[in-house]
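Following: one structure in structure tokens, then a few remarks.
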Amino acid sequence: NDILINIVVWLLIIIGGLGFTVILDILQFKRFSKLSLHSKLVLTLTAIFILVTFVFIFILEFNNPDTLAKLDAKGKFLSAMFQAITPRTAGFNTLPLNEMTMASIFLIIVLMFIGGSPGSTAGGVKTTTAGVLILSIISVIRGRTDTEVFNRRIAKEIVDRALAVVGIGMLWVIVVTMILSITETGHSFLQIFFEATSAFGTVGLSLGITPELSYMGKIVISLT
């Protein structure tokens, strides 16, 4: 329920995940219309990911007695927003992750895989990579050959690179999850999948199984 702690940590996570080039761009131009395409894309995607995740977690956890249900309106808002921001890379949490609904946990896994933005302190495949792929898919659905955003065309080489990064990332998470599924007994698939994705995105969140991993499991997680 502490507003000061929540907002300070929110800002540190968000600013740390924007990337140094975006921060310098904002300090130099101060107006959204004058920012580079990269900065516009980063800021837009960051806002969308946070707001969409906040809405979903707020709804999914609203009646969960182990997370938001017992909190007042302020606590519900602060906790849902905190959990919407932290999966990008921070590793902090104000709600017990292992008590959240399966849908919320899976959403957090997706966010951990995406991570922050290029040139930032965050991990993951990066927001712009995910954004370029989403825009490319939209272009294909609309029957267009070019991927465009903010009246600018994104080069095909960038789209191909984004596809390669996401593909390699997904393959690695699948391989690590498969290895952990063999070496770690007594844990659910969701817990193992969560652990593998958190390690890949250098997030630091866990459903509580990290100390219980075997030596092989800990080595695999460290390498990831």
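Checking each residue in the range 185-210 for being surrounded by fewer than 22 Cβ atoms within 10 Å (Cβ to Cβ) and not hydrophobic (A, V, I, L, M, F, W, C) picks out Thr185, Gly186, His187, Ser188, Gln191, Thr202, Gly204, Ser206, Gly208, Thr210.
For Ile108, the conditions (1) farther than 21 Å from Asn1 by Cβ; (2) at pLDDT below 95 all hold with the exception of (2). Residues in the range 58-78 that are of a type in the set (Gly, Ala, Ser) and open to solvent by 30 Å² or more (accessible area, probe 1.4 Å): Ala69, Ala73. Looking only at the range 24-34, filter to residues that are hydrophobic (A, V, I, L, M, F, W, C) and under 16 Å from Pro118 (Cα atoms); which one of those is least open to solvent (accessible area, probe 1.4 Å)? Filtering the range 24-34 for residues that are hydrophobic (A, V, I, L, M, F, W, C) and under 16 Å from Pro118 (Cα atoms), the one least open to solvent (accessible area, probe 1.4 Å) comes out as Ile26. Are any of the residues in the range 130-139 over 9 Å from the mean Cα position of the chain (by Cα), closer than 17 Å to Pro87 by Cβ, in a loop (DSSP other than H, G, I, E, B) and not basic (Lys, Arg)? No: zero hits. Within the range 79-106, residues that are outside any helix (DSSP H, G or I) and surrounded by fewer than 21 Cβ atoms within 10 Å (Cβ to Cβ) sit with their Cβ atoms under 7 Å from residues that are modelled with pLDDT of 95 or more and among the small types (Gly, Ala, Ser), at 6+ positions apart or across chains, in these pairs: Thr94/Ser79; Leu95/Ser79.
One residue alone among Thr53, Thr67 is of a type outside the set (Asp, Glu) and over 20 Å from Ile13 (Cα atoms), and that residue is Thr67.
Evaluate the range 153-163: report whether one residue or more is open to solvent by less than 40 Å² (accessible area, probe 1.4 Å), in contact (Cβ under 8 Å) with a residue 24 or more places away in the chain, within 17 Å of the chain's Cα centre (by Cα) and closer than 13 Å to Thr224 by Cβ. Taking every residue of the range 153-163 in turn, none turns out to be open to solvent by less than 40 Å² (accessible area, probe 1.4 Å), in contact (Cβ under 8 Å) with a residue 24 or more places away in the chain, within 17 Å of the chain's Cα centre (by Cα) and closer than 13 Å to Thr224 by Cβ. Of everything in the range 144-161, what is of a type in the set (A, V, I, L, M, F, W, C) and touching a Lys or Arg at 6+ places or on another chain (Cβ under 9 Å)? Give them in sequence order. Listed by number, the residues that qualify are Val149, Phe150. Residue count for the range 1-47 satisfying the condition of being under 19 Å from Asn151 (Cα atoms) and among the hydrophobic types (A, V, I, L, M, F, W, C): 7. Which one of the conditions (1) touching a strand residue (DSSP E or B) at 6+ places or on another chain (Cβ under 9 Å); (2) in a loop (DSSP other than H, G, I, E, B) does Val125 fail to meet, given that it meets all the rest? Failing condition for Val125: (1). So which of Val42, Val110, Val55, Val8 is in contact (Cβ under 8 Å) with a residue 40 or more places away in the chain and either surrounded by fewer than 18 Cβ atoms within 10 Å (Cβ to Cβ) or in a helix (DSSP H, G or I) (or both)? Testing whether each residue is in contact (Cβ under 8 Å) with a residue 40 or more places away in the chain and either surrounded by fewer than 18 Cβ atoms within 10 Å (Cβ to Cβ) or in a helix (DSSP H, G or I) (or both) leaves just Val42.
The residue of the range 113-153 that is farthest from Leu205 (Cα to Cα), among those that are at pLDDT below 90 and among the aliphatic types (A, V, I, L, M), is Val149.
Do the conditions hold for Pro65, that is, is it in a loop (DSSP other than H, G, I, E, B), of a type outside the set (S, T, N, Q) and at pLDDT 95 or above? In short, yes.
Would you check which residues across the range 107-146 are aliphatic (A, V, I, L, M) and in contact with an Asp or Glu (Cβ under 8 Å, 6 or more places away or on another chain) and list them? Show your work before the answer.
Keep residues of the range 107-146 that are aliphatic (A, V, I, L, M), which gives 107-112, 114, 122, 125, 130, 132-135, 137-138, 140-141.
If the condition is that a residue be aliphatic (A, V, I, L, M) and in contact with an Asp or Glu (Cβ under 8 Å, 6 or more places away or on another chain), then Leu135 is the only one that fits.
The values are calculated or read from the model by the stated rules, or taken from the named source; none is laboratory data. A quick note: this is a predicted structure, and the numbers were derived from the prediction, not measured. Don't worry about glycine lacking a Cβ; one is built from the backbone with ideal geometry, like all the others, and counts go over all protein chains shown. SASA here: full protein model, heavy atoms, side chains in, ligands and nucleic acids out. Shrake-Rupley method; radii C 1.70, N 1.55, O 1.52, S 1.80 Å.
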